[in-house]
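**Student:** Handing you a structure now.
What follows draws every value from the coordinates through simple rules; no lab data is involved. Note that the structure is a prediction, hence the values are computed from the model and not measured. Quick reminder, even Gly has a Cβ in these numbers, built from the backbone with ideal geometry, and neighbours come from all protein chains shown.
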Amino acid sequence: MVTGVRHVPDARSRSYAHPQVQAAWQALDCGLAPVADVFEECIYAALASFSKPQLDAYLEAARVIGKLGRGAEPLLAFLEEWPTVVAAASGDQEPLLPQVMAVIRAMQKSPNSRAITPFLQTLAAVARRLQSAEQIEVYLDIALNLMARTTGSIHGHHTTFPSPGLPEFFEQAPRLLGLLSTTGLQRWTEYGIRNYADHPERQVDYFSLQSADSHAVLQRERHGTLFADVERQLDLYLRALWRDSEQLVPYSTAPLTSGELRKPVPYYDHLGLRVPDVFDDGKGVSGLDRYRAVLAHMVGHRRWSQAQIADNWSPLQRMAVEFFEDCRIETLLIREYPGLSRIFLALHPKPLADACNAETTSCLRHRLAMVSRALLDPAHGYGEPVLLDFVRRFHQMLAGRDSSTAECAALALAYVTQTRRQSDQLAKIHFDDTVIDYRDDNRQLWKFIEQGDEEEAFDEERKLEPGEELRGLPPRRYPEWDGASQTYRPDWVSVYEALHPSGNPAEIDRLLAKHAALAKHLKRLLDLVKPQDKVRIRYQEEGSELDLDVAVGSLIDFKSGTTPDPRINMSHRTDGRNIEVLLLLDLSASLNERVGAGGTASGQTILELSQEAVSLLAWAIDCLGDPYAIAGFHSNTRHEVRYQHIKGFSERWDDTVKARLAALQAGFSTRMGAALRHAGHYLSARRADKKILLLLTDGEPADIDVAEPGHLRADARKAVEELAAQGVTTFCLSLDPRADDYVRDIFGKRWRVLDRIERLPETLPSLYLELTR
Amino acid sequence: MSNKEQFLVRAEPYYEAQGKEVALYEAAYHARLPVMVKGPTGCGKSRFVEYMAWKLGKPLITVACNEDMTASDLVGRYLLDASGTRWLDGPLTTAARIGAICYLDEIVEARQDTTVVIHPLTDHRRVLPLDKKGELIEAHADFQLVISYNPGYQSLMKDLKQSTKQRFTAFDFDYPEAALETQIVVQESGLDAGTAATLVRIAQTARNLKGHGLDEGISTRLIVYAATLIKRGVAPQDACRMAMVRPITDDADIRATLDHAVDASFA
Ligand SMILES: Nc1ncnc2c1ncn2[C@@H]1O[C@H](COP(=O)(O)OP(=O)(O)OP(=O)(O)O)[C@@H](O)[C@H]1O
Ligand SMILES: [Mg+2]
């Protein structure tokens, strides 16, 4: 839009149809036209994921940024990117926003305000790579440190020069974090500061990754196993060996910029298993195996530990209980997988028996570390009689049974009592060779009665108001299965069908172009599957032509007295691929979530990925020539299931269809059964041999008027059965990694879970090829 | 040629029952109901049928179905010979004549037009028309039809028609639970129970990944293979990789995970 010449009225007077958007615009108090142009879209995105207080804080922050006097750019970047940042940090805006604002203020106050825009522009990409609020904090610290030490430090001048490297640093940050952990980034930055603080040009070269040493340091820091690179393997590990599908959340191992040493310890809480962002190889154990040891240990606690009331025990007693309990857990783990003992023992320190001087130092930790070693390592070699006695009692306690945390604690307390020394109370503690770094911090092992458990207060999710009036056809009513009473509720659900609104078809062509390489690969596969018009069938007793090769062979057999093969004819048939498919898309609100996990996270929403995947699939099916249709659905109570027609069987894959696909939007809930029935009634009217309903969804059936989760699930299962009876095969591709329980319930054997949503665009078409091979 | 003797299962096949399937099968046989045995690959379907044939003292004719199989391959065909042509019964016809249990293994592999020839044999008529020969065979009183079918196949194209499915009674098999599977491995390979239990555990780790990158887990058959290799002196880890991990996946992450499961399972 060219705005330069015309007189632009103050955008404050802009008005929006939606009252919430209008209120938000007033709160923003912003006169910038480019902001006004995208504001509505941004607010919708924010409304979909923010609670009311979060939204207010977001708008207030935006208002401040709008008033920095740096034009529209920083504000645009903030408005558009911030919801992604919050989503990457597990939806937790609270600690993060004030910190980001503090960084912005610091830049504004110093001469570095030019860096604000690049900072905000790459923040979302950075957040997607880092995946946790703690890690993002570390990143902010690194940036502040860089700013403080490179601003105005040019020899002989006053502090009026902005940091030359800072904007470059922000621009490169996503790329750097693709290669380095925050620890590595911190060291890489440190090198640049130390060497080029006084050379503006070379500093720019360094931080923009132009100089040779910048690359060299980058390579040097790239050691160890990055969590982001092995995340899928760790997920598989948990699932395969331990049947656990808990979330993994990385934390930073970078030292604080204040120079304070940070030695975080793994732990777990209601958000998942927390592990470091990088592990070096060491002590003969690969970084990957160290991750596995950490996970196994935490899984063990989750299985076998019961939280104990901490209040009655002294800190020393608690420490002893933790050592003993950790050993009990590991003994049980090793019982399941004996090979783990090699990894545990390689990582477990082996304290020397006489390393601690009990005259001057508190030695309890040292004694416990020795006990710990001895409990796990039959070849420990210690000779101290009390220790040996407790090792024996420990194994006795676990002989043929799991024992319990309480029983183990009793043994630990007995050990403390029996070996007590006056010096245990000394402030100087012997630490050497007592830290067992694959063990978690045991916070879950303790309950404190005194301070009341702080219940996490979850804000209620906000929902969009029901949208515009539905136009179009009168509703079609469907029954719904009531699993509790084993009866149908007749005419229970109203399905409104409408043409999906249209957008810009060029969008879809752009998406297809983006996946050109993938399309090329698919094309090769398609050519293999694609029906050749005429297929030759050999070895026919009756056929249209004589197959000379075979006939001659038979004649020879005949002459030589052996039984000739009578199948000497061949015939042709035009290929029999007789498949019709309806692709049904779940368009519920959860599709607006961004894809975060994994190293290559593209940070797109699931909806965008679905758009790409569906475009590719449509293109592929079109190449094959199978008739197909596409529809989407979402629901807002049983009175309003919307079924959106995107492509009909008789429509071509052309701009009209692409335009509808381009306008795909997500909202509301997932009443699956009704949508399946409606889609099924179209399919069952088709005449193909094979009728396939391919459902793409990211969650289980749900709707806001149904509290009991099993109900819609039972209904969906029923719908799948009904369709099967009508000759329609239903297959579900689920994007919910935790879908196992319910997809099996609903779809029997016909489902697949996609663990890496980023790979949807390649998976969906190849799944279709596989299914119809 | 149609000699009943040669199709009898002479020695008792080793079979561990997973549940009530033996008694149920006997009941189905006595009523001459067609039977369908469903289950993942290598879980003991074929072994079960063989065992039942032995137990009932009936001949067993097994046909491994494949895509190229035509109806003539089941029913029979005319052959040329020096003196003209001669009819040769197919295995299904032979079974119907001599009163054998006819076991069509992996029936989904066969083309659908082939499958329909079994229809008249499976309803009350119990007849088999030989169109080319112009003969209608009444099935022998002892004849029974059994098919096996692996529903785990992901291809929707390879599925039985409802009209075929609904002619059979069915057993749903799965891999035996750990203790039983261990016992089977011990019996089949002669391996010691401890190592066998470890192999079963490794197979279970792979079965946990079904639907997450694996279409099928590690089968009982593959466990028996690994056990056999170990018994012959191959190092356990190598045997597991070769017989249990490599055959089932090309996905590098899954392979690495299962390799680790193998390492972790042996002390
Ligand atoms: N219940 C059982 N008793 C004895 N052996 C068994 C049992 N289950 C499985 N086995 C072992 O597993 C092997 C594979 O079994 P079988 O060949 O019957 O599998 P299947 O289910 O027919 O497989 P496919 O579908 O691939 O044909 C057998 O050779 C046998 O060693
Ligand atoms: Mg078999």
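**Student:** Any aspartates and glutamates with Cα under 19 Å of the A:LYS514 Cα? List them, leaving off those in the same chain fewer than 8 positions away.
**Tutor:** Partners found: A:GLU608, A:GLU612, A:ASP622, A:ASP654, A:ASP655, A:GLU758, A:GLU762.
**Student:** Please report the equivalent ellipsoid semi-axes of the range B:33-114, computed as sqrt(5 x eigenvalue) of the Cα gyration tensor, largest first, in whole Å.
**Tutor:** Ellipsoid semi-axes (Å, largest first): 27, 17, 9.
**Student:** Over 22 Å between C-alpha atoms is what I'm after, so list which of A:LYS690/B:LYS133; B:LYS38/B:LYS132; A:LYS690/B:LYS165; A:LYS523/A:LYS749; A:LYS52/A:LYS109 land there.
**Tutor:** Checking Cα-Cα distances, A:LYS690/B:LYS133; B:LYS38/B:LYS132; A:LYS523/A:LYS749; A:LYS52/A:LYS109 exceed 22 Å.
**Student:** Just to confirm the number: angle between the C-alpha axis of helix B:178-189 and the first principal axis of chain B, 0 to 90 degrees, nearest 10?
**Tutor:** Approximately 70 degrees, to the nearest 10.
**Student:** Determine by what factor the alpha-carbon radius of gyration of the range A:11-221 differs from 2.2 N^0.38 Å, reporting the quotient.
**Tutor:** Computed over Cα atoms of the range A:11-221, the ratio equals 1.08.
**Student:** Using only DSSP helix segments of four residues or longer, with each worth -39500 (n - 2.57), what per-residue ellipticity at 222 nm results for chain A after dividing by its residue count and rounding to 500?
**Tutor:** Calculated from helices alone, the mean residue ellipticity at 222 nm is -15500 deg cm²/dmol.
**Student:** Of the DSSP beta bridges with both residues in the protein assembly as shown, give the percent that are antiparallel, rounding to the nearest 5.
**Tutor:** Among the beta bridges of the protein assembly as shown, antiparallel pairing accounts for roughly 40 percent.
**Student:** With Cβ to Cβ distances under 11 Å as the rule, what net charge do the other residues near A:ARG756 carry (K, R +1; D, E -1)?
**Tutor:** Summing Lys/Arg as +1 and Asp/Glu as -1 gives -4.
**Student:** Can you divide the C-alpha Rg of the range B:75-206 by 2.2 N^0.38 Å and report the result to two decimal places?
**Tutor:** This ratio for the range B:75-206 stands at 1.45.
**Student:** Need one number: the % of Cα-Cα pairs in the range B:4-172 sitting beyond the 22 Å mark.
**Tutor:** 42 percent
**Student:** If you rank A:HIS681, B:HIS124 by fewest surrounding Cβ atoms within 10 Å, what's the result?
**Tutor:** By the 10 Å Cβ count, ascending, the order reads B:HIS124, A:HIS681.
**Student:** Mean 1/r over all different Cα pairs, inverted: what Kirkwood radius does the range B:178-265 give, in Å?
**Tutor:** This gives a value of 12.6 Å.
**Student:** Checking the a/c ratio against 1.5 first, then a/b against b/c, what shape does the Cα gyration tensor give for the range A:22-117?
**Tutor:** oblate
**Student:** Using the Kyte-Doolittle scale, find the helices of chain A whose mean hydropathy is at least -0.5 and whose Cα atoms extend 30 Å or more along the helix's long axis, counting only whole DSSP H runs.
**Tutor:** Membrane-span-like by this criterion, though nothing is claimed about a membrane: A:315-336.
**Student:** Hey, another quick one. Can you list residues from other chains, or at least 5 along the same chain, whose modelled amide H is less than 5 Å from the amide H of B:LEU79?
**Tutor:** B:ARG86, B:TRP87, B:LEU88
**Student:** Report, to the nearest 10°, how far helix B:45-56 tilts away from the longest principal axis of the Cα atoms in chain B, using its own Cα long axis and a range of 0 to 90°.
**Tutor:** 60 degrees
**Student:** Another one. Distance from the Cα centre of the range A:346-422 to that of the range A:39-55, in angstrom?
**Tutor:** Distance between centres, Cα-based: 55 Å.
**Student:** Also, I was wondering about something else. I'd like the Kirkwood hydrodynamic radius of the range A:225-448, using the inverse of the mean 1/r over distinct C-alpha pairs, in Å.
**Tutor:** 18.3 Å
**Student:** Tell me the chymotrypsin sites (Phe, Trp or Tyr not before Pro) within the range B:1-91 that lie in a loop according to DSSP and have at most 14 other beta-carbon atoms within 10 Å.
**Tutor:** Within the range B:1-91, the qualifying chymotrypsin sites (Phe, Trp or Tyr not before Pro) (loop, at most 14 other Cβ atoms within 10 Å) are B:TYR14.
**Student:** What shape does the range A:607-686 take by its C-alpha gyration tensor, where a ≥ b ≥ c are the square roots of the eigenvalues and a/c under 1.5 counts as rounded, a/b above b/c as prolate, and the rest as oblate?
**Tutor:** It comes out oblate by the Cα gyration axes.
**Student:** Within straight cross-link reach of B:LYS4, meaning Cα distance under 16 Å, which aspartates and glutamates are found once same-chain residues fewer than 8 apart are removed?
**Tutor:** Within the straight-line limit of under 16 Å, B:LYS4 reaches these aspartates and glutamates: B:GLU50, B:ASP89, B:ASP142.
**Student:** Could you list A:ASP491, A:ASP740 in order of exposure, starting from the residue whose Cβ has the fewest other Cβ atoms within 10 Å?
**Tutor:** Taking fewest neighbouring Cβ atoms as first place, the list is A:ASP491, A:ASP740.
**Student:** How long, wide and thick is the protein assembly as shown, going by the Cα atoms along their three principal axes, in whole angstroms, largest first?
**Tutor:** Answer, in whole Å and largest first: 115, 92, 62 Å.
**Student:** Could you list, by residue number, the cysteines of chain A that have no other cysteine's beta carbon within less than 4.7 Å of their beta carbon?
**Tutor:** Among the cysteines of chain A, those whose Cβ sits 4.7 Å or more from every other are A:CYS30, A:CYS42, A:CYS327, A:CYS408, A:CYS623, A:CYS732.
**Student:** Taking +1 at the Cβ of each Lys and Arg and -1 at the Cβ of each Asp and Glu, which of A:PHE747, A:ILE704, A:PRO765 sits farthest along the dipole of the range A:701-773 towards its positive end, judged by Cα position relative to the Cα centre?
**Tutor:** Of the listed residues, the answer is A:PRO765.
**Student:** OK, next. For each of A:VAL641, A:VAL85, count neighbouring Cβ atoms within 10 Å of the residue's Cβ, then give the residues from fewest to most.
**Tutor:** The order, fewest Cβ neighbours first, is A:VAL85, A:VAL641.
**Student:** Using alpha carbons only, how many angstrom separate the centre of the range A:86-142 from the centre of the range A:665-726?
**Tutor:** Going from one Cα centre to the other spans 42 Å.
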